[in-house]
Amino acid sequence: MRKNLEIPQGKRTPLYRFLEILPGAISYGAIILLFVLSIVNPVLGAIYLFALIASTLVKAIGVAYRTIQGYEVIKRAGRVDWRKRMEELENPHEAYERLRDKDNKSYHFEEHLENLKMMATMETEYPEPSKIYHAVIMTAYDEGEEILVPSIEAVKNNTFPSDHIIFTLAYEARGGEAMEQTAKALEKKYKNVFKHFMIVKHPADLPGEIVGKGPNLTYAGQALAEYVHKKKIPVENVIITSLDSDNRMAPKYLDSVAYEFITHPNRQRLSYQPVSLFMNNIWDAPAPTRVIAVSNSFFNVISTMRPHLLRNFASHSQPLQALEAMDFWSKRTIVEDGHQYWRSLFFFNGDYSVLPIRIPIYQDAVIDETLWKTIKAQFVQVRRWYYGASDVAYVGSKLFVKKENRIVPFWQLFPKFWRLLDGHVTLAILAPIVAFGGWVPMIMNLSAHSMITYNIPNIVSVVETFASIGLIVSIIVSLRMLPERPAKYRKSKRLLMVLQWILMPVTSIIYQSLAAFYAQTRLMLGKYMEKFDVTKKVVKK
């Protein structure tokens, strides 16, 4: 029986509505509770505040450690010749005998030897590397060639053979005549570059679809599957990578994914998640969006070091066979990337995970025509991301049901549900509590002469000083991660890349807390975000 993987439309059940309200209710309640406890007893308010602030200190230490660790791992993975490793998989016995006694300290070399050994003994079936195909779906709305061409060129310049790459440009009919002409021009330009270059126009206003990226991806995925079947390409050997129009994959990305796909026996029940780094235009972006871009890049670096917590984000790869079985991506949510994790988890009855790929896909920081438009566009982007709080109800509705109706065992799913809920609540409450929480017990008890009350702001300040270790580490690593400085900028701009971090408290409150509260409030009120607000792509001349 086919599972119902879709988000409900229209009227929700009472349980579903309760779970939609839950993230916002807890977030607002956590802020209100600080005031209530401070009024009842300033000591209670202080204890509650310290518990929250202490978690910030612990997380800051973890951020510092994982940032350094993740950066080093990405560098090491980037130095590996993944094409050569793929070629060694073609003749694993010969490669194993040749390499087994080598003293090689490169990234995951011991694992590579073990993979060669397993494949040589044929302990399980492995697809032949030369028969693997990559299918890339790049979604577009109304972007011009100045945005799309560099992203297509990045795929073309991958070390993976171009004659085994099927490129699909999925563009929206809503993009108008200019988008249509751009798509046709690109089809003509790249028709002989890949195994096949196809353009797929997604019609507007199809039934059962929101205005979003997910429907476009799914429509293109279905057309791509038809092509694969028509050409009699083994569907189980095709890996699909979804890209936004500004996504530029590192040259070794496709080979790295293909290698992991071949060497994992449960390959069809995995997603392959690259490190998304918002660095394409980081030198051009204004300071506020640079802070957001680098912060989000660090979050992705840290996430790749915690595979048990990793979920799909932005660009990711997944086998065509699995995607076709689950009808590709959701057509009812604006956060189809993160939601794809939950769809896949339930489709495979809990036997599914996300595998980190330590090779980056580079994305744009937000830039619009003016500073004010850029600031506004950045808020629109992050509030869309934080609408991922809608997945709390989606997951909870499959968790809190009768045992016989549960797709994934309760104690396997509950920790994932809890982390999902906790993550969105933390997004909303942490920044304002850290910034202003220390003053609440004192302001609520101006008449009380309590040593604890008056010293809370000072104590919080000391804790925040220790927590700034994570920020200092982030600044140092961010300078090392920056792409080469464009000639049009002076060396002194590197100093601005340090000074920009004084904006961190402001950007955290506006682009983290307020955006999270916005998304959660919409869910509480049942005013669903069912239109994907496209982030405008502007190339700064």
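Worth a mention:
- Fewest-first ordering of 27, 55, 317, 162 by other beta carbons within 10 Å of each residue's beta carbon gives 55, 162, 27, 317.
- Put a plus charge on the Cβ of each Lys and Arg, a minus charge on the Cβ of each Asp and Glu, and nothing anywhere else: the dipole of the stretch 106-196 about its Cα centre is then about 380 debye.
- Computed lengthening from residue 495 to residue 157, 0.36 nm per intervening residue step minus Cα-Cα distance: 118.4 nm
- Using only Cα coordinates, the Kirkwood hydrodynamic radius of the chain works out to 25.0 Å.
- Angle between the chain longest axis and helix 390-399 axis [Cα atoms, degrees, rounded to 10]: 80
- The stretch 70-149 - percent relative contact order, Cα under 8 Å, separation 6 or more: 32
- Peptides ranked, highest mean first, by Cβ atoms within 10 Å: ranges 56-68, 91-103: 56-68, 91-103
- Taken about its Cα centre, the chain carries a charge dipole of roughly 820 debye when the Cβ of each Lys and Arg holds +1 and the Cβ of each Asp and Glu holds -1.
- Residue (of 171, 70, 428) at the positive-pole extreme of the chain, dipole from beta-carbon charges: 428
- Taking Cα atoms only, the orientation of helix 213-230 departs from the longest principal axis of the chain by about 20 degrees.
- The residue list 203, 388, 521 was ranked by how far each Cα lies along the charge dipole of the chain toward its positive end, using unit charges on Cβ atoms, and 521 comes out on top.
- Computed over the chain: relative contact order in percent, which uses C-alpha pairs under 8 Å that are six or more apart: 23
- Lys/Arg +1, Asp/Glu -1 at C-beta; the chain dipole; positive extreme among 31, 401, 251: 31
- Taken about its Cα centre, the stretch 376-435 carries a charge dipole of roughly 140 debye when the Cβ of each Lys and Arg holds +1 and the Cβ of each Asp and Glu holds -1.
- Ordering 489, 253, 341 from the fewest to the most neighbouring beta carbons within 10 Å gives 489, 341, 253.
- Helix axis angle, 410-436 relative to the chain longest principal axis, alpha carbon, degrees: 50
Where a number appears in this text, it was derived from the coordinates with a stated rule and is not lab data. Every value quoted in this text rests on a predicted model; they were computed, and no experiment measured them. Note that each Cβ is placed from the backbone with ideal geometry, even for glycine, and that neighbours are counted across all protein chains shown.
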